[in-house]
Amino acid sequence: MERRSSPAALRIAALGALAAALSACATRPPEPPPRAGVEIREVRIEALGPDRVRFAFEVRASNPGSRALSGLSLDCRLEAGGVPVSIEADGPASPGTGGYGPFTLGPGEERVRTFQGTADLAAPPDSGPASGAPGEPGADEAPWTISASLSASGPDGLSVEVGSARAEGTVPRIREPVLEIRSIVLVRHELVNVLLELVLDVENPNPFPVEFSAASYRFHGEGRKWASGTVDRAVAIPARGKAEVRLPILLNFTETGRDLFDLVAKLRVVRFRLEGQARVTSPLSFLPEFRMDFDRSGAVRVERTLPAGP
């Protein structure tokens, strides 16, 4: 005999099928966000001085898909020496970022933006081993990192990343030589003129040799100007080493006064200030030459290298 289902059983079966269909819809994974291509390229690095470096680079955003991507926003960041660098893309950007958008990429379309920024690699004086002190690990190079993130507006209004890229490397960390006045030497003593020499110890904190030359300077002793001059004699300073540099001073006591004559003649201690500029050359093509300013003050004793006259 053929068994017929009751209306109640049919309703129960229909409800079960509907529940199963709803359950399948509830567990269906959401559609993944579209993906876009992001590429950092043409990174150019130029030294502007021992501490300043200019970065320029391009970011390429592309749409490899078959439908347009709209509401896109590109965010770029640059760090050099562990410090965020303000970058620009056809206009000012927030510190450490380069924002561009919103924009749309059609199927197969790409867009290229150029960014640039200048980093200051001067290390804080109290920042410890990572500051770039000579001999510390990593001190001779400064790391840099460029990151780019492309985002789109999601269906819920929140931003969703659709592509990213990263580039990194290092640049030489170049330091200025360090000057210290070791002594003032009495070279020749005449009636009203005295020829002195400032003896400087110049230290090279870099892992490569440099030359110290073309120094122009002004010297003050006991609060008064003694002399100024220029020396264009290159002095080679080895890597991590020191060299002696001598700066001549011709002192006329008819202009400076008798008290300074007595101070020098009796080999007393002189309170001084030395300021000026020098040219420093290096073997690095990254920065083959730069100008160095110096300003030193302190106290040092006058010494004699020639026997006293009759």
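Here are the criteria: (1) in contact (Cβ under 8 Å) with a residue 60 or more places away in the chain; (2) surrounded by 13 or more Cβ atoms within 10 Å (Cβ to Cβ). Tell me which single one Glu222 does not satisfy.
It is condition (1) that Glu222 fails.
Tell me, yes or no, whether the range 213-223 has at least one residue that is within 21 Å of Pro172 (Cα to Cα) and of a type in the set (Lys, Arg).
There is no residue in the range 213-223 that is within 21 Å of Pro172 (Cα to Cα) and of a type in the set (Lys, Arg).
Taking the range 44-74, which residues are open to solvent by 50 Å² or more (accessible area, probe 1.4 Å), farther than 14 Å from Arg111 by Cα and either in contact (Cβ under 8 Å) with a residue 60 or more places away in the chain or not basic (Lys, Arg) (or both)?
Ile45, Glu46, Leu48, Asp51, Arg52, Arg54, Ser66
Matching residues to (1) surrounded by 17 or more Cβ atoms within 10 Å (Cβ to Cβ); (2) modelled with pLDDT under 85:
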residue: Lys242; (1), (2): no, no
residue: Ile249; (1), (2): yes, no
residue: Phe253; (1), (2): yes, yes
residue: Gly257; (1), (2): no, yes
residue: Asp262; (1), (2): no, yes
residue: Lys266; (1), (2): no, no
residue: Phe272; (1), (2): yes, no
residue: Gln277; (1), (2): no, no
residue: Thr281; (1), (2): yes, no
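Part of a strand (DSSP E or B) and either within 16 Å of Val202 (Cβ to Cβ) or in contact with a Pro (Cβ under 7 Å, 6 or more places away or on another chain) (or both): which single residue out of Leu284, Leu251, Leu247 fits that description?
Of Leu284, Leu251, Leu247, the one residue that is part of a strand (DSSP E or B) and either within 16 Å of Val202 (Cβ to Cβ) or in contact with a Pro (Cβ under 7 Å, 6 or more places away or on another chain) (or both) is Leu247.
Out of the residues in the range 154-197 meeting the condition of being without any contact (Cβ under 8 Å) to a residue 40 or more places away in the chain and under 23 Å from the mean Cα position of the chain (by Cα), tell me which one is nearest to Ile40 (Cα to Cα).
Among them, the one singled out is Glu168.
Of the residues in the range 199-219, how many are in a strand (DSSP E or B), closer than 30 Å to Phe286 by Cβ, open to solvent by less than 20 Å² (accessible area, probe 1.4 Å) and not aliphatic (A, V, I, L, M)?
Total meeting the criteria: 3.
The values are calculated or read from the model by the stated rules, or taken from the named source; none is laboratory data. Since this is a predicted model, take the numbers as computed values, not measurements. Here Cβ is always computed from backbone atoms with ideal geometry, including for glycine, and neighbour counts include all displayed protein chains. Side chains included, ligands, DNA and RNA excluded: accessible areas come from the protein's heavy atoms. Shrake-Rupley method; radii C 1.70, N 1.55, O 1.52, S 1.80 Å.
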